[in-house]
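Q: Have a look at this one.
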Amino acid sequence: MTVTRELRPATRPARVPRGLRVALLLAPALGVVVVLFGGGFVQAVAQSVGYQPYPPARDLSLDAYRALWADPAVRASVGITLRVALVSTAAAAVLGVAAALLVRSLGRTRRGFAALLQVTLPLPHAVAALAMILLLAQSGALSRVAAGLGWVDGPADFPALTQDAFGWGIIASYVWKEAPFVAVVVLAALSSGVAELEDAARALGASAAQRLRHVLLPVLAPAVAAASVLVLAFTLGSYEVPFLLGRPFPATLPVVAYQQFRDPDLAARPLAMAIAVVTAVLVGACAVAYLSLSERLRG
Amino acid sequence: MSGELAVTGLRVAYNRGVPVVDGVDLRVPGGTLTALLGPSGCGKTTVLKVVAGLLTAGAGEVRIDGAPVLGLPAERRPVGMVFQKPLLFGHLTVGDNVAFGLRMRGVPRAARRSRARAMLDLVGLPDVAGRRVGELSGGQEQRVALARALVLDPRVLLLDEPFSALDAELRLRMRELVRRLQRELSTTMVFVTHDQQEAVDLADDVALMLDGRIEAVGPPSSFYADPPTLSAARFFGGVNEVRGTVTGSSFACPLGELRLGVPAPDGPGVLVVRPESLRILGADGAPNTVPATVREARFAGTHRTVVTTAGGIGLTATVAPAVPVEPGDRIPLQLPPSALRVLPDTAATDTTGADTTAAATPAAAAPVAATAPTTEDEDVRA
């Protein structure tokens, strides 16, 4: 007897499309970003153009953005914000690269020093700021040592490095925190075959300085740039360090935005939100630059 | 200048431990190509990097045209090097990669561009100077690396297994290119490889390196016809080995009394004979003919591999594909006296990593022992 059986393709359980699956898996994290950050940004934009969820209703306008440039506190704030962010980023990049190259040149102690570099990474910025006060303020350790050594008549004669007009204290705090971050990123980039490229350059007659100029720095540039963009974004938008180490006037943009936000006069709210939006756009531009550089680094 | 390279008593140890290269003596006549052949981990790359100045030697001397170079930094040695990986600079164009060394020497832009293009022409890549490195294939990248080293007109060019990552056909073409360039430019070259075929195809001389020492140096044919040591015979693969004792011109072994065509010192030794030298005869009568039983006969395209047993010993012969032998056949197998070599039994175990499938002694099938650490250790970096 012959038994015939209908041949059917093996059935599989219905599969969720890949795109939907990825979206579902990412939903919790995306939800936090979209609701908290996106929602906050939308609220800030709305309030910056005059929307207020309480009476009296106001006409929507870009008056707050026009007022930004008319306000001397904001104009001064843009200057110190950019100065502090750019100087901190440049110093962190230079010192971070130098530290990474130095650590790489060490022999067996390399790992220990590399670990030491990372000690500051988990510390909160507020802790770094307080450490700078203890170290750099006119009542701090450095001023007393200088007075003890006779370099200045008394601690109060020591140059003001915190709450100063230039922002040295803020910059020092950022550099202390961010230079090791850049160094860690550069060390990771250095571990990916750069030594072999240097050997190739040596065999082609490149001296140590030529190898640094023509091989190391170009090869490390994307990694340094990506890390620097992150540092720049952070220093542009950070609030607590300039609040603790800076002057009330001129203050950095995030500090001014908070000062305006705390103003009991609700008419100041659009200006506060306009400052916050401008800061967020600057940070967003940094994020886009970072993504672009990361793409280059991978490519 | 001829570019003669002389390495004497070279010793390199990592972490102040066991030397990975010890007592290496090597002389490469100017304008010739020597293959430094050996299994992975035997110290070939270490020797090359010491000559290039990328590693420091614990002891010994390296001279180029009679002048010692160990005191010079790598960038001031008259030596070029092509690495296993192309190691092209990704931020530069192909032309700028080739011109890199000239730029480091301060050659004006126009001159270095012209020389880079000429060198790219020479390696068969006339139209790629403006391309990015990422647009090249693996073979093209290695050609560019070759052009980049040759454009500096080095007195000695070191090539560290530059084609090992390429497919077989491309490797053959690259070998031809290196050979052509070597003849046209008369550059002294040292070519590191673990591939005996590559060494034989390319080199004027082969220096066989085993366990951190130079085992033997000579023209490629001598390693086949007249291997200097048992290890050398094994590294070149597929030899039959029979242990016995030499007395005068005869060799007493489990196969009987064999006549030797080449004299050997009296006493115990290992007789080696290549499978292609064994003959399956139509009838007994020729000297050194022994009765053998066919255990296996494999077709291998250009020949048949016939595995036999004679006197309790396995012997492998390669014969023409048409020779009619089948497993179980009893055949007369001749070991021609002129093809027999008796060598001192210095290699108790095989550390060559070579194919010794035809070896008739259990000792010959010992596994590879690669003990040398990698060359990335910082303690000996120059």
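The values are calculated or read from the model by the stated rules, or taken from the named source; none is laboratory data. A quick note: this is a predicted structure, and the numbers were derived from the prediction, not measured. Here the Cβ positions follow ideal geometry from the backbone for every residue, glycine too, while neighbour counts run over all protein chains shown. Side chains included, ligands, DNA and RNA excluded: accessible areas come from the protein's heavy atoms. Shrake-Rupley method; radii C 1.70, N 1.55, O 1.52, S 1.80 Å.
Q: Leaving ligands, DNA and RNA out of it, report the carbon-plus-sulfur percent of the accessible area of segment A:61-298 at a 1.4 Å probe.
A: 70
Q: If you average 1/r over all unlike Cα pairs in chain B and invert the result, what Kirkwood radius do you get in angstrom?
A: Working: mean 1/r = 0.0437 Å⁻¹.
For chain B, inverting the mean 1/r across all distinct Cα pairs yields 22.9 Å.
Q: Just from the alpha-carbon atoms, what are the Rg and Dmax of segment A:112-231 in angstroms?
A: Expressed in Å, the Cα Rg and Dmax of segment A:112-231 come to 19.6, 58.
Q: Report the label-to-label distance for B:Leu72 and A:Ala67 in nanometres (one decimal), using points 7 Å from each Cα along the Cα→Cβ vector.
A: So the label points at B:Leu72 and A:Ala67 sit 7.5 nm apart.
Q: As a test of the formula, what do you get for chain A when each DSSP H run with n ≥ 4 contributes -39,500 (n - 2.57) and the sum is divided by the residue count, at 222 nm and rounded to the nearest 500 deg cm²/dmol?
A: Using -39500 (n - 2.57) per qualifying helix, the result is -21500 deg cm²/dmol.
Q: Further question: May I ask which residue of A:Tyr258, A:Ala268, B:Tyr224 lies farthest towards the positive end of the charge dipole of the protein assembly as shown, with charges of +1 (Lys, Arg) and -1 (Asp, Glu) on Cβ and the Cα centre as origin?
A: A:Ala268
Q: Across every pair of different alpha-carbon atoms, what Kirkwood hydrodynamic radius in Å does segment B:202-300 reach?
A: Numbers: mean 1/r = 0.0643 Å⁻¹.
About 15.6 Å for segment B:202-300.
Q: Here's a follow-up. Could you give the radius of gyration (one decimal) and Dmax (whole number) of the Cα atoms in segment B:96-151, in Å?
A: Both quantities, over Cα of segment B:96-151: 10.4, 30 Å.
Q: With no solvent and one equal point scatterer placed on each C-alpha of segment B:5-221, evaluate the Debye formula and give log10 I(q)/I(0) for q = 0.16 Å⁻¹, two decimals.
A: Per q value, in the given order, log10 I(q)/I(0) is -1.07.
Q: Kindly sort A:Ser228, A:Ser173, B:Ser249 by accessible area of their heavy atoms, largest first, with the probe set to 1.4 Å.
A: Of A:Ser228, A:Ser173, B:Ser249, the descending order of accessible area is B:Ser249, A:Ser228, A:Ser173.
Q: Accessible area of A:Ser88, 1.4 Å probe, to the nearest 10 Å²?
A: 0
Q: Taking every alpha carbon pair in chain A, what does the distance histogram look like in 10 angstrom bins from 0, in percent?
A: Per 10 Å bin, starting at 0, the Cα pair percentages come out as 6, 19, 24, 22, 15, 7, 3, 2, 1, 0, 0, 0.
Q: Next question, about the same structure. Between segment A:233-299 and segment B:127-196, what's the alpha-carbon centroid distance in Å?
A: When both Cα centres are located, 55 Å separates them.
Q: Which of the listed residues, B:Leu33, B:Ala99, B:Gly23, is farthest toward the dipole's positive end in segment B:1-155, when Lys, Arg count +1 and Asp, Glu count -1 at the beta-carbon?
A: B:Ala99
Q: Additional query: What order, most packed first, do the peptides A:61-68, B:223-230, A:195-202 have when packing is the mean number of other Cβ atoms within 10 Å of each residue?
A: A:195-202, B:223-230, A:61-68
Q: Which value, in nm² and rounded to one decimal, describes the direction-averaged projected area of the C-alpha convex hull of the protein assembly as shown?
A: Values: hull surface 211.0 nm².
For the protein assembly as shown, the mean projected area of the Cα convex hull comes to 52.8 nm².
Q: Which log10 I(q)/I(0) values, to two decimals, does segment A:54-185 give at q = 0.12 Å⁻¹ under the Debye formula with one point per Cα?
A: Results for segment A:54-185 at q = 0.12 Å⁻¹ read -0.68.
Q: Roughly to the nearest percent, how much of the accessible area of chain B is carbon and sulfur, given a 1.4 Å probe?
A: Of the solvent-accessible surface of chain B, carbon and sulfur hold 51 percent.
Q: Any idea of the total accessible area buried by the A-B contact, 1.4 Å probe, rounded to 100 Å²?
A: Roughly 2100 Å².
Q: Another question, then. So, for segment A:1-146, what is the accessible surface per residue at a probe of 1.4 Å, expressed in square angstrom?
A: Result: 70 Å² of accessible area for each residue.
Q: Heavy-atom accessible surface, probe 1.4 Å, ligands and DNA/RNA ignored: which residues of segment B:99-116 lose at least 50 Å² versus the isolated chain?
A: At a threshold of 50 Å² (probe 1.4 Å), the residues of segment B:99-116 that become less exposed are B:Phe100, B:Met104.
Q: Which residue, chosen from A:Ala227, A:Leu217, A:Ser105, occupies the Cα position most advanced towards the positive end of the dipole of segment A:61-298, where the dipole is computed from +1 (Lys, Arg) and -1 (Asp, Glu) charges on Cβ about the Cα centre?
A: Comparing the listed Cα positions along the dipole, A:Ser105 ranks first.
Q: Can I ask one more? State, as an integer percentage, the relative contact order of chain B based on alpha-carbon contacts under 8 Å between residues 6 or more apart. Don't jump to the answer; show the numbers that get you there.
A: On the way: 871 pairs, mean separation 70.3, N = 382.
With pairs under 8 Å counted, the relative contact order is 18 percent.
Q: For segment B:287-297, in order, what is each residue's ³J(HN,Hα) by Karplus, 6.51 cos²θ - 1.76 cosθ + 1.60 with θ = phi - 60°, in whole Hz (x at glycine and Pro)?
A: x, 6, 9, 10, x, 9, 10, 6, 9, 7, 9
Q: Report the net charge of residues surrounding A:Gly246, where surrounding means a beta-carbon distance below 13 angstrom and charges are Lys +1, Arg +1, Asp -1, Glu -1.
A: Every neighbour counted, the sum reads 0.
Q: Order B:71-77, A:254-260 from most to least packed using the mean count of other Cβ atoms within 10 Å.
A: Numbers: B:71-77: 16.3, A:254-260: 22.3.
Going by the mean number of other Cβ atoms within 10 Å, highest first, we get A:254-260, B:71-77.
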